[in-house]
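Single-structure report; data block below.
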Amino acid sequence: MADDAAPPVPTPAQRKIIHVDMDAFYASVEQRDDPALRGRPVAVGGSRARGVVAAASYEARVFGVRSAMPSATAVRRCPDLVFVRPRFEVYKAISLQIRAIFADYTDLIEPLSLDEAYLDVTEDRHGLGSAKAIAEQIRARIRAETGLTASAGVSYNKFIAKLASDQNKPDGLCVIPPHKGAAFVASLPVKRFHGVGPVTAQKMERLGIQTGADLRDRPLAFLQAHFGSYADYLHRAARGVDDRPVRSNRPSKSIGAERTFETNLSEPAALHAAMETIADAAWTRVDRSGARGRTVTLKLRHADFHTITRARSLSHAVPDKAAFLAIGLDLLQAQLPVPGGVRLLGLTLSGILRDEAPDADVTAQPSLPL
C-alpha cells in the first residue's frame, strides 16, 4: 500500500549572526590619523568649556569619560583630556569602506550606526567552514584595510551576538553556541541587556533583579505587572530567545539634526534663526532617505544641562520642510523664554511610515558551525 503522507517540510537552518562593533570608532580614527594623539586620553566633540563628548578613547574611558557626558564633567574626571573636533565625513567614508568588506561575505547586513552592524552569515559564501572563521577574516581585513580594530560577537541570534561583541573588547572575539546561550545570558548583569537603560536597570534592582538569572526566575505575569508590554521581550531575552531576522533594509526610527551653541542663546530671533538652520539640515537627511514620518520632536537643552523634548504628531505624514520647520518653531515658542538661555537645539522626524513584512520564525537546526 502506497504511503500517501506528504514529505516532511525542510526546517530552515539555524541562523548564524555576527555583530561587528568598531572599537572607540571616532576616537580611534583620530588617533590613527594623528600620531600625537596615540596613547593619550581623547574626546571627540565638545571643548574643554562647553558641549558634550561624542566619543572617548579607551585611555579616556579609564577615567570614567563616556559619550554623551558634558565636557566640563569629562575634564573634571580627566584633566589631561584632549578634545578633537569631529570629522563626520571621514567617519562616514570609513564606515562605507567597512561595509564593503561585510558585503563580500553576505548581502544580509543591518547597520545600526556608522560603527556597528549585524551580519547574517548562515550561507557560507566562501566556504570558510564556520561563522567564527568568517568573523575572524572580517576583523583581519578591517585591520589591514583601515588600520582600525573591531570586536565581534558570534551567535545564533541578534540579542546574544550583540552581548558577545562587548564581552572581550577591545579587539576581541566571542562565540556563544546555542547550547551555551541561556547560561551566558543568565551570567550577565541586566544593565548590559540591549534596551535596558539606567532607569529600567534601577527599577529592576529595586525588584531584586540584577542578573539574567534573576530575570529568568521571575514569572511572565510578574514582569507584565511591572514592565507592561516590555515584559515579553525581557522574558524571552532572559532565556536567550530572539527570533528577529537581520534586516538588510532596516529603516531609521528617526531622522534629524541638532546643534550645540558656543554661547547660550536667549533672544527669540537668534533661536528662530538657529532652528531654521537645524531644520534645513534635518530635512536634507529626510529627503536623502526618502522617509515619511508623522511626528516632529524638539530637543532643548538648558544652560544647566537639563534637557527636555516636546513632540507633536499629525494624522498624516509631514508634507514638506516648511511644515516641519513650522511645527518645530511652534514647539520652541511654547518653551520661551528660557532662563539662562539654550545650549542645544535639535529637531527630528519620527513615526516613520513604512510597510514591513512580519519576522519569520526560524527553528534551530545544525548547519554552518558557529
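Remark: residue 187 matches the filter, which requires a residue to be of a type in the set (S, T, N, Q) and in contact (Cβ under 8 Å) with a residue 24 or more places away in the chain. Scanning region 229-270 for residues being at pLDDT below 90 and of a type in the set (Gly, Ala, Ser) gives a total of 4.
Scanning region 59-91 for residues that are touching a residue at least 24 places away in the same chain (Cβ under 8 Å) and assigned to a loop (DSSP other than H, G, I, E, B) returns 65, 78, 80, 81, 85, 86, 87.
Count of region 219-257 residues, restricted to those that are under 17 Å from the mean Cα position of the chain (by Cα) and either more than 30 Å from residue 325 (Cα to Cα) or not hydroxyl-bearing (Ser, Thr, Tyr) (or both), is 12.
Give all pairs with beta carbons closer than 7 Å in which a residue from region 46-58 that is on the phi > 0 side of the Ramachandran plot meets a residue that is surrounded by 15 or more Cβ atoms within 10 Å (Cβ to Cβ); count only pairs at least 6 apart in sequence or on separate chains. These pairs meet every condition: 46/52; 46/53; 46/71; 46/83; 51/45; 51/71; 51/260.
Find all pairs meeting these conditions: Cβ atoms under 8 angstrom apart; at least six residues apart or on different chains; first residue within region 92-112 and in contact (Cβ under 8 Å) with a residue 60 or more places away in the chain; second residue part of a loop (DSSP other than H, G, I, E, B) and among the small types (Gly, Ala, Ser). Listed pairs, sorted by first residue: 107/248; 108/248; 109/248; 110/248.
Could you pull out the residue among 291, 282, 269, 273 that is assigned to a helix (DSSP H, G or I) and touching a Ser or Thr at 6+ places or on another chain (Cβ under 7 Å)?
Just one listed residue meets the conditions, 282.
The values are calculated or read from the model by the stated rules, or taken from the named source; none is laboratory data. None of the values given here were measured: they were computed from a predicted structure. Backbone-built Cβ (ideal geometry, glycine too); neighbour counts: all protein chains shown.
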